[in-house]
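The values are calculated or read from the model by the stated rules, or taken from the named source; none is laboratory data. Computed from a prediction, not measured in an experiment: that's the story for all the values here. Don't worry about glycine lacking a Cβ; one is built from the backbone with ideal geometry, like all the others, and counts go over all protein chains shown. For accessibility, only protein heavy atoms count, side chains too; no ligands or nucleic acids. Shrake-Rupley method; radii C 1.70, N 1.55, O 1.52, S 1.80 Å.
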Amino acid sequence: MQKELIRLENISKSFDGQMVLDDLELNIHENEFVTLLGPSGCGKTTTLRIIGGFANPDTGKVIFDGQDITKVPPNKRHLNTVFQKYALFTHMTIAENIAFGLKIKKKTKSYIDDKIKYALKLVNLEGYENRMPDSLSGGQQQRIAIARAIVNEPRVLLLDEPLGALDLKLRQEMQYELIRMKNELGITFIYVTHDQEEALTMSDKIVVMNQGYIQQIGSPESIYNEPENAFVADFIGDSNIIGATMIEDKLVEILGAKFACVDTGFGTNKPVDVVIRPEDVELIAPEDGTIKGVVTHLIFKGVHYEMEVMANGFEWLVHSTTLFPVGKEVGIRVDPFNIQIMNKPESEDEEAVAIEI
């Protein structure tokens with residue numbers, strides 16, 4: 001078991017009377033890549049800023065390696081932050097940018113030179129010491145911002161949507177670079193993004209947030225395959241979310257048809273929500289399906305076809321490598337293990353209420 005490094009206890013924060021974080025609790029372990037994921041305004045950046053010391057919570061504590069650092073200023077914490085805006089000093093060379101924090105700490109010239117070489121090698125920009133920031137691409141500038149942070153040997157690197165300004169190909173390249181750096185450096189990464197693919201690609205642990213509450217914490221696989229509520233299911237990837245009735249353990253009625261499932265403990269004849277991922281919907285011959293439908297839309301996505309199938313009054317989203325043309329009648333079948341049952345929210349606000357973790 002990894003050692004706990006950061007613990008947020010009962011963190012609450014308001015701005016102008018608007019609650020941004022409400023009694024938030026979170027544990028982060030050494031050498032984890034933790035992603036805070038959620039829509040704009042969910043509180044993820046505020047959480048990062050509180051960990052970094054750039055914002056003070058109204059209530060609660062920030063515990064770092066067993067010590068209360070809630071009131072410790074940012075420059076006294078064993079962490080560094082990389083923002084979306086790289087904030088490189090444009091009048092300084094790359095070497096001078098990287099050395100900035102080390103000079104403030106009054107490190108020797110030979111130590112600083114060694115660290116600059118090491119950091120540039122780590123971000124695959126060897127030989128760039130004398131270049132100026134404006135001669136670099138966006139991706140290269142972001143790498144320098146990361147190099148500047150890691151030469152200070154932080155125990156934690158905070159990254160606030162650092163890839164948001166990059167194009168898709170560069171963003172994907174940087175995702176792999178960050179994973180590699182995290183493994184090489186052996187430090188803890190805390191990463192903020194609203195990009196689900198980014199979170200699923202890079203994280204050891206994802207913290208899904210909405211309206212100041214944590215909705216679910218888990219591995220990318222568990223978050224994707226076993227969402228705890230409709231918000232998580234809808235936010236992480238595409239989903240078919242359908243109102244249904246749990247007839248009994250391992251049997252659910254969806255759109256008037258009975259489907260075998262593996263879930264138990266939801267009661268008898270209870271209203272539930274069902275999540276079925278598009279790639280888990282099997283299209284087969286009409287007479288062999290649990291229900292029948294007609295293909296209404298078709299898009300080629302490169303890796304797969306994306307289809308919409310109208311069946312029993314619901315438009316099913318389907319991803320398949322097999323083409324079924326628009327207008328074709330099909331049967332729908334779903335493996336019992338791919339039907340995820342969730343309790344229905346009792347109120348409209350329940351989606352934003354913290355899940356017991």
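Residues that are part of a strand (DSSP E or B), open to solvent by 90 Å² or more (accessible area, probe 1.4 Å) and without any contact (Cβ under 8 Å) to a residue 60 or more places away in the chain within segment 312-348 comprise GLU329, ARG333, listed in sequence order. The residue pairs whose first member lies in segment 256-268 and is without any contact (Cβ under 8 Å) to a residue 40 or more places away in the chain, whose second member is assigned to a loop (DSSP other than H, G, I, E, B) and not acidic (Asp, Glu), and whose beta carbons are closer than 7 Å, counting only pairs six or more residues apart or on different chains, are THR264/LYS250. Here the condition is being of a type in the set (D, E, K, R) and farther than 27 Å from LEU37 by Cβ; of ASP234, ASP263, ASP249, it holds for ASP249 alone. Could you list all residues from segment 238-267 that are crowded, with 17+ Cβ neighbours inside 10 Å and not hydrophobic (A, V, I, L, M, F, W, C)? Those that are crowded, with 17+ Cβ neighbours inside 10 Å and not hydrophobic (A, V, I, L, M, F, W, C): SER239, ASN240, THR245, ASP263. Candidates GLU198, GLU253: the one that is of a type in the set (D, E, K, R), in a strand (DSSP E or B) and in contact with a Phe, Trp or Tyr (Cβ under 9 Å, 6 or more places away or on another chain) is GLU253.
Can we say LEU158 is aliphatic (A, V, I, L, M), open to solvent by less than 10 Å² (accessible area, probe 1.4 Å), farther than 12 Å from ILE98 by Cβ and at pLDDT below 90? When the stated conditions are applied, LEU158 does not pass them.
Only residues that are closer than 26 Å to GLU153 by Cα, assigned to a loop (DSSP other than H, G, I, E, B) and more than 19 Å from the chain's Cα centre (by Cα): list them for segment 1-56, please. Answer for segment 1-56, where residues must be closer than 26 Å to GLU153 by Cα, assigned to a loop (DSSP other than H, G, I, E, B) and more than 19 Å from the chain's Cα centre (by Cα): MET1, GLN2, LYS3, GLY53, PHE54, ALA55, ASN56.
With respect to (1) assigned to a helix (DSSP H, G or I); (2) farther than 21 Å from ASN31 by Cα; (3) free of Cβ contacts under 8 Å to residues at least 40 places away in the same chain, the lone exception for GLU129 is condition (1).
Total residues in segment 102-127 satisfying the condition of being open to solvent by 20 Å² or more (accessible area, probe 1.4 Å) and touching a Lys or Arg at 6+ places or on another chain (Cβ under 9 Å): the figure is 4.
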